[in-house]
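Enquirer: This is the structure I have questions about; it appears just below.
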Amino acid sequence: MKKLLYVALAWLLLAACAKEKKPVDPADFHIIPKPASLTPGTEVLDWDNKKIAIIAKTADEKNVGNLLAEFLKTKNLNATVAEFSDDADKIALYTAEDPALGNEGYKLVVDEKGVSLTAAAGAGLFYGIQTLLQLIPENGKTVPYVTITDQPRFAYRGLHLDVSRHMFPPEFIKKYIDLLAHHKFNRFHWHLTEDQGWRIEIKKYPKLQEIAAYRKETVIGHARDADPKNPKDFDGKRYGGYYTQEEVKDIIKYAADRYVTIIPEIEMPGHALAALSAYPELGCTGGPYQAATTFGVFDDVFCAGKEETFTFLEGVLDEVITLFPGKYIHIGGDECPKDKWEVCPHCKKRMKAENRKNTHELQSYFIQRIEKYINSKNRQIIGWDEILEGGLAPNATVMSWRGEEGGIAAAKQNHDVIMTPTGWCYFDYYQDTTSENEPLAIGGYLPVSKVYSYEPIPAVLTADEAKHILGVQANLWTEYIPTPEHVEYMMYPRACAMAEVAWTAKENRNYEDFLTRLDTHFKHLDAWDVHYAKHLQHAGDSTVSKK
């Protein structure tokens with residue numbers, strides 16, 4: 001009898017030990033960007049061979065629910081959207097006002113009841129499901145119990161892509177948007193016009209599609225090493241293309257469904273050679289001009305003295321504004337040589353009529369006139385920090401790229417600012433100095449560690465001035481980036497680091513912790529078929545994959 005009692009007690013002890021749950025370390029949750037608050041549980045939901053009901057009732061909930069169902073199907077999980085369900089595991093989406101979360105924050109709870117995701121609006125729900133997707137292991141069908149409360153640090157979180165030096169198909173633009181949205185960026189800055197090519201259909205000016213969208217050839221290798229007089233330094237191949245307005249509308253809707261606002265950039269008054277090749281009367285000399293076949297800054301720009309220039313640009317902007325519903329239109333304003341203006345009789349006449357002392361003030365006139373037109377359409381302009389020269393347009397938002405000085409000056413003048421300085425935010429720079437396989441880049445060196453170290457609010461600003469720093473953006477100029485795979489290589493994993501700079505509170509960021517999470521995050525990038533740089537992988541791979 002005693003023996004049986006001992007055996008029974010032993011079994012009870014073993015059962016008790018088996019039920020004991022091991023505490024989970026918050027560091028075991030490898031989410032990028034890092035959430036504001038995370039409390040782990042001790043168990044997991046198992047969705048293997050289960051039906052999953054995504055409970056959604058409002059329009060925002062259903063939109064996010066349908067996107068989540070698509071994502072889960074890629075993981076071979078059976079999920080459908082419904083307004084209620086009694087016989088399936090549940091992911092319940094709720095929209096409810098919560099001042100602590102703001103418009104983009106969310107609260108995610110995973111427990112024995114299933115998944116509950118609450119946010120004030122669709123954007124917060126969307127970011128919550130991006131976090132949920134990172135909780136599901138690759139090739140796995142479980143979700144750990146956890147409670148996450150999260151919201152972004154900055155309202156503006158942007159990635160940029162230049163499609164004028166090299167153009168990429170609409171399907172890749174959508175993938176680019178998918179990736180930035182997954183990392184909780186909410187702005188896509190689409191650079192559509194340049195010296196080397198005009199990339200958006202403007203129906204009023206068909207020569208932009210017929211002529212300006214193409215260049216006769218492209219420099220081989222680095223522009224600084226090429227001899228313009230040597231045909232062997234150029235590929236001899238006509239290059240170009242453009243996005244039709246129907247393609248643009250489709251991409252805008254695709255982005256909006258993922259809570260991404262697209263900011264189009266139409267360059268002026270500089271970087272205009274492609275447009276001038278189609279409409280030479282808009283230049284100071286009348287041409288002839290051709291779209292640039294190499295890279296750099298060119299002296300021929302839109303003439304600031306001719307009324308035809310403003311008529312043309314207003315016509316272009318009318319169609320752009322009709323297409324793009326967002327608040328901002330980016331008008332460039334950078335790298336505009338004044339040499340042609342200095343000797344142009346039309347520009348001299350304009351300066352005299354407008355009482356402008358020099359060509360810097362003439363550029364200010366140009367930008368302010370365009371701003372007034374865009375403001376009349378209930379939109380606002382963004383410009384690179386050169387628009388500070390000669391006097392800043394009254395309502396302009398400044399992108400500070402030549403260091404932080406322009407952003408500091410604009411904030412002190414009570415203008416809104418997006419920080420995007422070259423030293424931390426230009427992803428066309430080299431990122432690895434250890435590999436001979438590193439592809440050609442424009443120059444410079446920007447490793448992931450430096451991207452991650454960036455603090456977008458300069459210490460010299462007062463608290464009130466700092467409120468004008470809307471956020472941060474990383475830029476990718478594509479002079480030497482001809483393929484989608486190369487774009488991804490330059491963007492990732494640096495964009496992962498920038499995502500955390502933009503989203504995560506300063507005091508919550510730690511680079512070593514980020515690297516630990518990044519090592520797991522690479523598996524998610526693999527699942528997305530992203531051609532990322534691999535020199536930071538912990539698996540002993542010190543080379544860079546070009547894929």
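Enquirer: Quote to one decimal, in nm, the extra length available between Asp87 and Lys349 on full extension: 0.36 nm per residue of separation minus the C-alpha distance between them.
Expert: Stretched fully, the Asp87-Lys349 segment lengthens by 86.5 nm.
Enquirer: Further question: Would you mind computing Rg(Cα) / (2.2 N^0.38 Å) for the stretch 364-442, counting N as its residues?
Expert: Ratio of Cα Rg to 2.2 N^0.38 Å: 1.41.
Enquirer: With +1 on each Lys and Arg Cβ and -1 on each Asp and Glu Cβ, and nothing else charged, work out how big the dipole of the chain is about its Cα centre, in Debye to the nearest 20.
Expert: The calculated dipole for the chain is roughly 520 debye.
Enquirer: A follow-up question, please. Taking a ≥ b ≥ c as the square roots of the eigenvalues of the Cα gyration tensor of the stretch 396-439, is the shape rounded (a/c under 1.5), prolate (a/b larger than b/c) or oblate?
Expert: Verdict is prolate for the stretch 396-439.
Enquirer: Still on this structure: Set Lys and Arg Cβ to +1 and Asp and Glu Cβ to -1, take the dipole of the stretch 213-255 about its Cα centre, and tell me which of Ile220, Val248, Gly236 lies farthest positive.
Expert: Sorting the options by dipole projection puts first Gly236.
Enquirer: Translational diffusion coefficient of the stretch 97-225 at 10 °C, 1.306 mPa s, Stokes-Einstein with Kirkwood Rh over Cα pairs, in µm²/s as a whole number.
Expert: Using the Kirkwood radius from Cα pairs, D works out to 87 µm²/s.
Enquirer: Follow-up. Counting only the heavy atoms of the protein chains, how much of Phe302 is accessible to a 1.4 Å probe, in Å² to the nearest 10?
Expert: Taking all protein chains as shown, Phe302 has close to 0 Å².
Enquirer: With Rg/Rh (Cα atoms, Kirkwood Rh) in mind, check (i) 1.18; (ii) 0.96; (iii) 1.04 and report the label derived from this structure.
Expert: Here the calculated entry is (iii).
Enquirer: Can I ask one more? Pop out the carbon and sulfur fraction of the accessible area of the stretch 421-465 as a percent, whole number, probe 1.4 Å.
Expert: Answer for the stretch 421-465: carbon and sulfur cover 56 percent of the accessible area.
Enquirer: Full-extension gain between Thr147 and Glu455, please, as 0.36 nm times their residue separation minus the C-alpha to C-alpha distance.
Expert: The Thr147-Glu455 span can extend by a further 108.1 nm.
Enquirer: Right, another one. Quick one: putting +1 on the C-beta of Lys and Arg, -1 on the C-beta of Asp and Glu, what dipole do you get for the stretch 47-169 around its Cα centre, in Debye to the nearest 20?
Expert: Using only the charged Cβ atoms, the result is roughly 320 debye.
Enquirer: Pull up the DSSP beta bridges for the chain and report the antiparallel fraction as a percent, rounded to 5.
Expert: Restricted to the chain, the bridges split so that about 35 percent are antiparallel.
Enquirer: Also, I was wondering about something else. What is the sum of charges around Gln130, taking Lys and Arg as +1, Asp and Glu as -1, for the other residues whose C-beta is under 12 Å from the C-beta of Gln130?
Expert: Once positives and negatives cancel, what remains is -1.
Enquirer: Lys/Arg Cβ at +1, Asp/Glu Cβ at -1, dipole of the chain taken about the Cα centre: which of Met490, Gly444, Asn78 is farthest positive-ward?
Expert: Comparing the listed Cα positions along the dipole, Asn78 ranks first.
Enquirer: Related question: By its C-alpha gyration tensor, with a ≥ b ≥ c as the square roots of the eigenvalues, how is the stretch 397-547 shaped: rounded for a/c under 1.5, else prolate for a/b larger than b/c, else oblate?
Expert: Prolate.
Enquirer: Heavy-atom accessible area per residue, the chain, 1.4 Å probe: how many Å²?
Expert: 42 Å²
Enquirer: What FRET efficiency comes out for Asp513 versus Glu405 if R0 is 22 angstrom and r is the Cβ-Cβ distance? Round to the nearest 0.05.
Expert: The computed FRET efficiency comes out at 0.10.
Enquirer: What part of the accessible area of the stretch 76-201, given as a whole %, is carbon or sulfur when the probe is 1.4 angstrom?
Expert: Whole-percent figure for carbon plus sulfur exposure: 49.
Enquirer: In the chain, if the dipole is taken from +1 on Lys/Arg beta carbons and -1 on Asp/Glu beta carbons about the Cα centre, which of Tyr176, Gly406, Thr95 is farthest to the positive end?
Expert: Thr95
Enquirer: Give me the number: length gained by fully extending Ala466 to Tyr94, i.e. 0.36 nm times residue separation minus the C-alpha to C-alpha distance, one decimal in nm.
Expert: Gain in length upon complete extension: 130.6 nm.
The values are calculated or read from the model by the stated rules, or taken from the named source; none is laboratory data. Remember, predicted model here, so these are calculated numbers, not experimental data. Heads up, the Cβs are rebuilt from the backbone with ideal geometry, glycines too, and the neighbour counts pull from every protein chain shown. For accessibility, only protein heavy atoms count, side chains too; no ligands or nucleic acids. Shrake-Rupley method; radii C 1.70, N 1.55, O 1.52, S 1.80 Å.
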